[in-house]
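This report concerns only the one structure given below.
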Amino acid sequence: MQGPDSTKTSSFNFMAAPPPREAPPTADEKLEAVRVLAAGNTIIALLNVGIICMQLGQAYARRVEEREQRALDARIAAESAASVETKKDI
């Protein structure tokens, strides 16, 4: 892994390396960096929860659709059996 003051470019890095810092980061800069990372992680977590909710909704809709299809198939089978019975009586 390359440090921040590395001048070597790799095939994965298309941006120029930042110039080396003249002074180490202050406590406020470190705190701000942690806050930015925490905000990014929070956004990612919320997006993951949203994706899981969408997948749960999709699974629920699939189960409801299968249940409705079974009920419809049973009704059609009962109607066709009833129509066969009435044709036999005629």
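Since every read-out is calculated from the coordinates, none of them should be taken as a lab result. Since this is a predicted model, take the numbers as computed values, not measurements. Neighbour counts are summed over all protein chains in view; Cβ atoms, including those assigned to glycine, are modelled from backbone coordinates with ideal geometry.
Miscellaneous remarks
- Scattering from the stretch 34-87 was approximated by placing one identical point on each alpha carbon and applying the Debye formula without solvent; log10 I(q)/I(0) at 0.15, 0.30 1/Å stands at -0.63, -1.00.
- Karplus (6.51, -1.76, 1.60) ³J(HN,Hα), θ = phi - 60°, over the stretch 57-69, in Hz, Gly and Pro reported as x: x, 5, 5, 5, 4, 5, 5, 5, 5, 5, 5, 5, 5
- Computed from the C-beta positions of Ala81 and Leu46, the FRET efficiency with R₀ = 41 Å rounds to 0.20.
- Residue-count net charge about Ala74 - beta-carbon cut-off 13 Å; Lys, Arg +1, Asp, Glu -1: -1
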